[in-house]
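Inspection log for the structure reproduced underneath, given as structure tokens.
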Amino acid sequence: MSYAQSEANNNAKFDELSSRLSTFRNITQDIDNIARDDSIITQLNEQVSRIYDNIRDSSHGLTRAMQSGNSVWRYVGMALGIFFIIWMLTKLF
């Protein structure tokens, strides 16, 4: 085998190795992109879960406030009624 043939053979092997390395590099980049996307999806899922928990807690608090608010509305109504009666009495006399 001559020197030129051996160089051509080596060049072909280097080209094949370069092609394989390029393929592996692309695969590694794809895996990295998928892992990055997965971490973003996980973070978004956690944020949505926290928002859902906050909304649920707020709605429970609002429900409790509205249930206990019945007596408050009665007091407000009585106070307005008494104020209106006193106001009407002052207008009459």
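Quick check: net charge around L44, other residues with Cβ under 14 Å of its Cβ, Lys/Arg +1 and Asp/Glu -1?
Taking every Cβ under 14 Å from that of L44, the sum is -1.
Take the Cβ-Cβ distance between Y52 and S22 as r, set R0 to 35 Å, and report the resulting FRET efficiency rounded to the nearest 0.05.
With a Förster radius of 35 Å, E is 0.20.
Only four residue types carry charge here, +1 at the Cβ of Lys and Arg and -1 at the Cβ of Asp and Glu. Report the dipole size of the chain about the Cα centre in Debye, rounded to the nearest 20.
So the dipole magnitude of the chain works out to roughly 1000 debye.
Calculate the FRET efficiency for S2 and Q29 from the Cβ-Cβ distance with a Förster distance of 35 Å, rounded to the nearest 0.05.
0.30
With θ set to phi - 60° and the Karplus curve 6.51 cos²θ - 1.76 cosθ + 1.60, what are the ³J(HN,Hα) couplings of region 11-22 in order, to the nearest whole Hz, using x for Gly and Pro?
For region 11-22, the Karplus curve yields 4, 5, 5, 5, 5, 5, 5, 5, 5, 5, 5, 5 Hz.
Residue separation times 0.36 nm, minus the C-alpha to C-alpha distance between M78 and S59: what's the value?
Difference between extended and current length: 4.0 nm.
With each pseudo-label sitting 7 Å past Cα toward Cβ, what's the D37-D15 distance in nm, one decimal?
Calculated label separation equals 3.4 nm.
Values quoted throughout were computed directly from the atomic coordinates according to the rules given, and no laboratory measurement underlies them. Since the model is a prediction, treat every value here as computed from it, not as a measurement. Reconstructed Cβ throughout: ideal geometry from the backbone, glycine too, with neighbour counts over all protein chains shown.
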